[in-house]
1. Please report, in debye to the nearest 20, how large the charge dipole of the stretch 246-298 is about its Cα centre when each Lys and Arg carries +1 at its beta carbon and each Asp and Glu carries -1 there.
2. Please report I481, I349 as a ranked list, fewest other C-beta atoms within 10 angstrom at the top and most at the bottom.
3. Filter the chymotrypsin sites (Phe, Trp or Tyr not before Pro) in the stretch 220-322 down to the DSSP loop ones having no more than 15 other Cβ atoms within 10 Å, then list what survives.
4. Please work out the Cα center distance from the stretch 99-175 to the stretch 234-265, rounded to the nearest Å.
5. Add -39500 (n - 2.57) for each DSSP H run of 4 or more in the chain, then divide by its residues: what number comes out at 222 nm, to the nearest 500 deg cm²/dmol?
6. For the chain, what class follows from the C-alpha gyration tensor (a ≥ b ≥ c being the square roots of its eigenvalues): rounded when a/c is under 1.5, otherwise prolate if a/b is larger than b/c, else oblate?
7. Hey, if you put +1 on the Cβ of every Lys and Arg and -1 on every Asp and Glu Cβ in the chain, which of I486, T30, M1 ends up farthest toward the positive end of that dipole?
8. What shape does the stretch 246-298 have by the C-alpha gyration tensor, where a ≥ b ≥ c are the square roots of the eigenvalues, rounded means a/c under 1.5, and otherwise prolate means a/b greater than b/c and oblate the rest?
Amino acid sequence: MIHLTNINKQHGSQILFQNASFQILPGIRTGLVGPNGAGKSTIFRLITGEEEADKGEISCAKKTVIGYFSQEVGEMAGRSALAEVMAVAAEVMQLGEEIKEMETAMALPMEDDEMATLLERYGNAVEEFEHRGGYDLETRAQAVLTGLGIGPADYNRPVEEFSGGWKMRIALARILTLNPEVLLLDEPTNHLDVESIVWLEEWIVKEFKGAVLMTCHDRDFMNRIVSRIIEVANQTVTTYNGNYDFYLREREIRREQLQASFRRQQEMLAKEEEFIARFAARASHAAQVQSRVKKLEKIERIELPAEQRLIKFEFYNTPRSGDDVAYCHELAKTWPLPDGGEKPVFSGISGMIRRQEKVAVVGVNGAGKSTFLKVLAGLTEPTAGEATIGASVNLGYFSQHAMDVLDPNQTVFDTVQNVLPQANIGVIRNICAAFLFQGDEVEKRVSLLSGGEKSRLVLATLFAQPINLLILDEPTNHLDIQSREILLEVLQKFTGTVVLVSHDRHFLRSLVHRVFEIDHGEMRVYEGDYNYYLDKSGRG
């Protein structure tokens, strides 16, 4: 279907690929993985023609419809949400108009040859219209919008009224409604809640018949959908025939085999070089020395790939809090509306969070999860009731909005030093390095950081402090799968208390042993882990 053969691609001085080859085959679902900056997004742009390869060939079957969802949604204005989604199939809609015109023309008298030509055109158009899903276009657009959390009440809302995250859903709905032969998805779950992620999984697995190539930081999502992994790393691409878990196991096996081969080759090279050095000056051994020199020149040296940098951090000197960490009594919150009214978020919430508990706060988008965390953290006042933090509790709070309060004129080093004014340069550099800011990167200004880098910097400032209650609102959003695993391991070892919101099901399943669900303004407490919650709530 789509073939990339011996591709070379370079951005400035950075070489992304050398002689990289792979195929996208009909109906095959493939995960695209690799460290940030390795070239995953470049592969998408090469396939769509937004970029050209420096060398090599990219071939695609004629009339192949490609749908590409990226994190750049572009401008949206002047249409309703439903019209915006259907606009992606403008060619299909135009084909429908042409079919109607041909049907009108066929009712008029004409020559036999002219009628035969028209009938042939009509048959081809109808076949293409059916193939592109033209007859159920609007129904499909509505179903996709609803599945992604935008219900019938919002179909006709102007797209300008939607926030950036919801516009991302509309952009995703556009691509799914197109129903292409090849679906390219760059982080499709980033702005989705768990319900929408589950719906998208089901849609791809059960409804979509085409090929998929996607990047995704959600391990469960990746495992459920893909049957093949393409790894982009070390200036090449490597294919693994299995899901993400299989890829991790197989990559480790291949890495161990490569290291063993490298060690054997190094031992052999050392012996040969020792012989050459010992007998180079002896005329009696000149032929043997020369022979071994030529042998070494012909040997293809095994190179070990650089280890991918991962976030590695630990909590030091976590102070002990009291046994009762946080207490809520009849907690309620409303937000004021522009017309002077009020929007209720939740009410009547009561409960206790105890020392060393790991608690997940779950619920659909808009249920009030983030608002509850803000009230708990003391960042916003409740409308009614009270939220009390217990004795000897040192609270640390993380949210995506925390990135907005970073000083854009400060460097990474300055930002960390602000929270540890007494620490020496070595300690601060070690903390920065733990969050992948190494060498000269610590002098990088905040204004020049990407969203992911800002997220890591906020985490660095938070975890550098002696805290024993972590309130985390989507801490994994900008982390890749490997870094999420490191964060998960550290939180599992953390001796304090954790309350978090996350749409990463693997993360929740592996960490929490208590679940608070906010549903229609009320809270239900599940005294068990995330699987227990899924089972008891019927959401599994």
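Here, each number is a calculation from the coordinates, and none is a lab measurement. Source: prediction; values computed, not measured. Heads up, the Cβs are rebuilt from the backbone with ideal geometry, glycines too, and the neighbour counts pull from every protein chain shown.
1. Working: 13 positive and 8 negative charges, 23 e Å.
Result for the stretch 246-298 is approximately 100 debye, rounded to the nearest 20.
2. Ascending Cβ contact count within 10 Å gives the list I481, I349.
3. Here the chymotrypsin sites (Phe, Trp or Tyr not before Pro) that fit, given the DSSP loop and packing criteria, are Y316.
4. Cα centroid of the stretch 99-175 versus Cα centroid of the stretch 234-265: 45 Å apart.
5. Working: 17 runs with 212 residues, N = 540.
Value at 222 nm, helices only: -12500 deg cm²/dmol.
6. Taking the square roots of the gyration eigenvalues as a ≥ b ≥ c, the chain is oblate.
7. Result: I486.
8. In terms of gyration-tensor shape, prolate.
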